[in-house]
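Structure record follows, encoded as structure tokens.
The values are calculated or read from the model by the stated rules, or taken from the named source; none is laboratory data. Keep in mind the model is a prediction, meaning the values are calculated, not measured. Using ideal geometry, Cβ is built from the backbone for each residue, glycine included, and neighbour counts are taken over all protein chains shown. Heads up: the accessible areas ignore ligands, DNA and RNA and are worked out on the full protein's heavy atoms, side chains in. Shrake-Rupley method; radii C 1.70, N 1.55, O 1.52, S 1.80 Å.
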Amino acid sequence: MKTSHRIYFQNAAHMRPLDDRSVDLVVTSPPYPMIAMWDEVFCSQDAAIGRLLKGGDGMAAFERMHRRLDRVWDELRRVVKPGGIVCINIGDATRTLKENFRLYPNHARTLQYLQQLGFHALPDILWRKQTNAPNKFMGSGMLPAGAYVTLEHEYILVLRKGGKRVFQTAAQQQNRRESAFFWEERNAWFSDVWFDLKGSRQALGRPEVRARSGAFPFELAYRLICMYSVKGDLVLDPFAGTGTTLAAAMAGARNSIGFEIDPGLAGEATALLSATGDFANARIHARLARHMDFCTARAQAAKPFKHTNVHYGFPVITAQEKQLLLNDLQTVVACGSNAFEATYALAPQARFCQSGDAPGPQAVSAHAPVPGSCSPRLSEPRGTSTCQMPLFSEPAKSALAVRPPAEAGDYHSAKP
């Protein structure tokens, strides 16, 4: 099994490399209008925005900034397939202009426009992005009427183009079954508030990149890709930044395409995608280990299981999990300008395969260190493995030093 991944360094308002109705899922985070760090980017494309900000007309500047983003949303209507899903991570802004403090509702403006384009809004997700800064409170401190609520969340807007996606052929239905997630993952992922994702500014190597960086956790993109697409789908990020969405798609055995207007981010994107195999497999193994921990805890509580996964032999809660198979990433090879091809193991990871109906004391714990990647070669029978490669290569450790797997940040250039 192979997937392909490529970033085009051009304006996403014209995604000419993409055919009509070719994209299954969009996962992106655009620049946030009325956040001061993005002013220069927006003003460079529309000089009127700078004049409006200087004059204190925040709502007019807000609208003109969003019109720059609207051009990208227009392209989504063209390239997304019927039944395709669009996930947009965006936060509201607060700002004082001419001594007038107010909220600028970016999520509402974005949602309104996409619905005007014909996308159907689905229940969204609040990502709680708490900050522990001592000066995070705004306004008059302890005095009534002049203090303001601190924004510590962002929105993940979820929309669909038309009706539900249909999996028509037997092959499509089987691929969907193998792309399933665990019952306990579904309970956590499909909650409307996510508390377990951390967002923070992270240092990149170059100061000029650091100045325009915004946190976008790898886990956020990976989770959405697992939730709303199947293996082999095409995932698009029109504000690709350093390629975190593409890395998450690679980890999930999906194809991906990104657009980024700043070619100065090519080095960061190449480094991240080249190192994806190491932390992708760590994330996959953690999912399997956590499921085995879940099975052990449930068995100790004398709660029954009704089904067994056919690939791993461990118990699962529902029949929909019986075909679930997580494919280890085997190789990532550069195959052109800012393009990569990934290959995957087809057999289950031997160290997670169970011979009985439930994991015994030898079950791998999600909290135990993972010593190595133990995916069997295709020629090996299930249950054996000769792989002794370390999970993290030395070059990858260096590359991940500023973006650890748990919080691999997406540093947007923020140019629409």
Residue pairs qualifying under the 8 Å Cβ cut-off, at least six apart or on distinct chains, with the first in segment 160-189 being more than 30 Å from Gln112 (Cβ to Cβ) and the second being open to solvent by 80 Å² or more (accessible area, probe 1.4 Å), are Phe167/Arg176; Arg177/Gln320; Ala180/Gln320; Glu184/Arg290
By residue number, the members of segment 127-147 that are more than 20 Å from Leu25 (Cα to Cα) and modelled with pLDDT of 85 or more are Arg128, Pro144
Considering residues that are charged (D, E, K, R) and within 17 Å of Asp237 (Cβ to Cβ), the number found within segment 71-118 is 6
Going through segment 91-106 in order, the residues found to be acidic (Asp, Glu) and either surrounded by 14 or more Cβ atoms within 10 Å (Cβ to Cβ) or under 20 Å from Ala121 (Cα atoms) (or both) are Asp92
- Hey, any hits in segment 115-126 for a residue that's polar (S, T, N, Q), modelled with pLDDT of 95 or more and closer than 22 Å to Pro217 by Cβ? no
Looking across segment 254-265 at residues that are under 17 Å from Tyr222 (Cα atoms) and touching a Ser or Thr at 6+ places or on another chain (Cβ under 6 Å), the single one that is most open to solvent (accessible area, probe 1.4 Å) is Asn255
Counting only residues in segment 283-310 that are in contact (Cβ under 8 Å) with a residue 60 or more places away in the chain and open to solvent by 20 Å² or more (accessible area, probe 1.4 Å), the one farthest from Phe340 (Cα to Cα) is identified as Ala299
Of those in segment 69-90 that are under 18 Å from the mean Cα position of the chain (by Cα) and part of a strand (DSSP E or B), the residue surrounded by the fewest Cβ atoms within 10 Å (Cβ to Cβ) is Ile90
Over segment 266-277, the set of residues open to solvent by 30 Å² or more (accessible area, probe 1.4 Å) and at pLDDT below 90 is none
When every residue in segment 151-178 that is part of a helix (DSSP H, G or I) and open to solvent by less than 50 Å² (accessible area, probe 1.4 Å) is compared, the one nearest to Ile85 (Cα to Cα) is Asn175
